[in-house]
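Remarks on the structure that follows.
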Amino acid sequence: MSSNAGLLPRALEVAPHRWLRWLWLPVAFALVAIGLWWLGHPQALATPDRTESATTKAGRSVYLGVTNGSQAGRELTVKDVEIPKASAPGVTAKAWICKGGSIAETTDPTRFCTDVVEAEGNDLRLGTDQLMLSVESSSAAKVEIGRVTVNYREGLQRAEQPVGPTYAVEFIG
């Protein structure tokens, strides 16, 4: 070998491409974007395509089941529940959680639930607990209520999604 081996011109050296050291940046950006999307997109809540009907006396509350046991095992922390405005004046509606039970329709949920608590700010364990609505009218009326929307947290995920069927309630005088 000659003694000129260490004196090769720099133009002949093979150097790594400078753009390779920045390749991690779009990969990291994609992973962060996927993670952020996942945080806001938990599995959809059940929205059956049906209308539940109920009849009760005016001045009395009727309680209607919103969720069913189809998504058992999910635990939601309810931030708030948006109930569409009823189709008749003078109607009040409120969201509740039936702990340890479930109903279809009743005027006394305590017969079917171990405890009844306000939905907002409480945990809802699907399959064990049930989200329900209380609807009341002081006068005779036929009331239609659209699907409710729940703003909730499930672990790290957060969402605002519709849930349950629609309702037709008749209050008789």
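A few comments on the model shown:
- As a size descriptor, the averaged projected area of the C-alpha convex hull of the range 15-89 was calculated at 10.1 nm².
- Based on the reciprocal of the average 1/r between different C-alpha atoms, the Kirkwood radius for the range 74-134 equals 12.1 Å.
- Here the relative contact order of the chain, from alpha carbon pairs under 8 Å that lie six or more residues apart, stands at 32 percent.
- Sorted largest first, the spans of the alpha carbon positions of the range 100-154 along the three principal axes are 38, 27, 17 Å.
- Of the peptides 24-34, 137-147, 92-102, the ranking by mean beta-carbon count within 10 Å, highest at the top, reads 92-102, 137-147, 24-34.
- Over the range 51-171, all Cα pairs binned in 10 Å intervals from 0 give whole-percent P(r) values of 14, 48, 31, 7, 0, listed from short to long.
- Within the accessible area of the chain (1.4 Å probe), percent carbon and sulfur: 56
The values are calculated or read from the model by the stated rules, or taken from the named source; none is laboratory data. Everything numeric here is computed off the predicted structure, so don't read it as measured data. Counting neighbours? That spans all protein chains shown, and the Cβs are built from the backbone with ideal geometry, glycine included. The protein model used for the area step is the full one, side chains on, heavy atoms only, and it has no ligands, DNA or RNA in it. Shrake-Rupley method; radii C 1.70, N 1.55, O 1.52, S 1.80 Å.
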